[in-house]
1. When only residues in the range 34-61 that are in a helix (DSSP H, G or I) and within 16 Å of the ligand (Cβ to nearest atom) count, which is nearest to Ser92 (Cα to Cα)?
2. Would you pick out the residues in the range 202-248 that are in contact (Cβ under 8 Å) with a residue 60 or more places away in the chain, more than 12 Å from the ligand (Cβ to nearest atom), crowded, with 21+ Cβ neighbours inside 10 Å and part of a loop (DSSP other than H, G, I, E, B)?
3. Are any residues in the range 249-282 of a type in the set (Asp, Glu) and part of a loop (DSSP other than H, G, I, E, B), and if so, which ones?
4. Please indicate, with yes or no, whether at least one residue in the range 37-59 is in contact with a Gly (Cβ under 7 Å, 6 or more places away or on another chain) and surrounded by 13 or more Cβ atoms within 10 Å (Cβ to Cβ).
5. Restricting to the range 85-142, what's the tally of residues that are β-branched (Val, Ile, Thr) and in contact with a Lys or Arg (Cβ under 7 Å, 6 or more places away or on another chain)?
6. Assuming Lys126 fulfils every condition listed in (1) within 11 Å of Pro95 (Cβ to Cβ); (2) in contact with a His (Cβ under 8 Å, 6 or more places away or on another chain) apart from one, which condition is it?
7. Within the range 91-104, identify whether any single residue is hydrophobic (A, V, I, L, M, F, W, C), in contact with a Gly (Cβ under 8 Å, 6 or more places away or on another chain), surrounded by 18 or more Cβ atoms within 10 Å (Cβ to Cβ) and modelled with pLDDT of 95 or more, and answer yes or no.
8. Restricting attention to the range 117-126, report how many residues are buried (at least 17 other Cβ atoms within 10 Å of the Cβ) and either away from the ligand (no atom under 16 Å from the Cβ) or basic (Lys, Arg) (or both).
Amino acid sequence: MSKPKYFIDSHAHLMTPYRVKGGIKWIRRAVKEYEQLDLTTPAGELLQHMKTAGADYIINYFYPLQPGESREINRWQREFADRHPEVIPFASLHPGDEDKEEIIRDSLENLKLTGFKFHPYVQQFKILDPGMLPVYQVLQETGCPVNIHTGFSKFYGRESLKDEFLSLLSRFPRLKIIASHMLFGDMHLSEWDGILEQYPNLFLDATNTLSFCRPGSKLTEQMQKLIGNYSKRIVFGSDYPMGMAYPVKILYDLLEQVCPDSDSFEDLAWRTAADLVKLDLA
Ligand SMILES: [Zn+2]
């Protein structure tokens, strides 16, 4: 990739050894190259791989699979980011946690984590689960960014999240939402224009979607049009170590191949993400 001024990998999963191992094993079913990555690679080494490939900063997501794990995970995120200042750590919680509002307060006020991440498929909850509504309400008031997995329903063998996600937007229009993977496979790309116009606090995370929009593909032109119009609302990352290709540089290089011009390239490479997480890069 010709070098942008900075590069922020806006979507990574650097986690504990147990969860990294589970993640790599899972992605190996779809992306064979991950056989080359040792299952026991420590998070610090995974981070180094991304930095060597060109990442200056990494937005890191680590969510609990069971109720009761959130506090430990959020503390791990804080400690990992303290050791590695290039890591921008997001908190999470589980819909089954008892003290969700207290977890939010602790994550944002004490641990100073940047935002929240949820994965309705892997964490097995409905976006509009009644227990989650107060969570969105509180997060909306704090103004912190909230990344939610959307899309790839067939890959997960689950129902599309489109309707629930659109209801979430209409019920919490001030919530600063980042739609991971842009409902890819579950909604036509052309529908985003209208939705982005209607919800100014909505951002899209093009992680894993650009791999399907390489030059020469059916979706290239539509994706380029969307990026050309809304690059201030789109971020991009690798999903490392469970993304669509390995080594991670293959994914980083996609950005220049797909972005229609240098301005949108800089936006997706770092500017939009820096703005979103309030990272002061001039
Ligand atoms: Zn992910």
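1. Ala43
2. Ala206, Phe236, Tyr246, Val248
3. Of the range 249-282, the ones of a type in the set (Asp, Glu) are 253, 256, 261, 263, 266-267, 275, 280.
Across the range 249-282, the qualifying residues are Asp261, Asp280.
4. Within the range 37-59, one or more residues are in contact with a Gly (Cβ under 7 Å, 6 or more places away or on another chain) and surrounded by 13 or more Cβ atoms within 10 Å (Cβ to Cβ).
5. Of the residues in the range 85-142, the ones β-branched (Val, Ile, Thr) are 87-88, 103-104, 114, 122, 127, 135, 138, 142.
Narrowing further to those that are in contact with a Lys or Arg (Cβ under 7 Å, 6 or more places away or on another chain): 103, 135.
Going through the range 85-142 one residue at a time, the tally reaches 2.
6. It fails just one condition, (2).
7. As a first pass, look at the range 91-104 and keep what is hydrophobic (A, V, I, L, M, F, W, C): 91, 93, 103-104.
With the extra rule that they be in contact with a Gly (Cβ under 8 Å, 6 or more places away or on another chain), the set shrinks to 91.
Filter again for surrounded by 18 or more Cβ atoms within 10 Å (Cβ to Cβ), leaving 91.
Keeping just the survivors that are modelled with pLDDT of 95 or more gives 91.
Within the range 91-104, one or more residues are hydrophobic (A, V, I, L, M, F, W, C), in contact with a Gly (Cβ under 8 Å, 6 or more places away or on another chain), surrounded by 18 or more Cβ atoms within 10 Å (Cβ to Cβ) and modelled with pLDDT of 95 or more.
8. So in the range 117-126, the residues buried (at least 17 other Cβ atoms within 10 Å of the Cβ) come out as 117-121, 123.
When the remaining residues are screened for being either away from the ligand (no atom under 16 Å from the Cβ) or basic (Lys, Arg) (or both), the result is 117.
Total satisfying the criteria: 1.
The values are calculated or read from the model by the stated rules, or taken from the named source; none is laboratory data. This structure is a prediction, so every number in the text was calculated from the model and none was measured. So basically every Cβ, Gly included, is an ideal-geometry build from the backbone, and we count neighbours across all protein chains shown.
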